[in-house]
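Readers should treat all values here as calculations from the given coordinates under stated rules, not as data from a laboratory. Model, not experiment: these values are computed from the prediction. Methodologically, a virtual Cβ is constructed for each residue, glycine included, from the backbone with ideal geometry; neighbour enumeration extends over all protein chains shown.
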Amino acid sequence: MDIAALSVAMSTVSTQSAYGVAMLSKSLDQVSSMGDQITGMMDSAAMELSVNPNVGSNIDIGL
């Protein structure tokens, strides 16, 4: 087997692996950020109910 070809193949695999790890890390950061945002939205909704507990509890449908 050609040593130069083996070296190129190993370098390519190493580069692809590093790229895959970097992309997974980026995805993990984005999912974590979205989770924090969802938690913040739920907290703000709970805050609204604590300030105005009757908001949204009744629906008036006039016919």
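At-a-glance table
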{"item": "FRET efficiency for Ser57 and Gln30, using Cβ-Cβ distance with R0 set to 30 Å, rounded to 0.05", "result": "0.25"}
{"item": "Contour minus Cα-Cα distance for Asp43 and Met10 (0.36 nm per residue)", "result": "6.9 nm"}
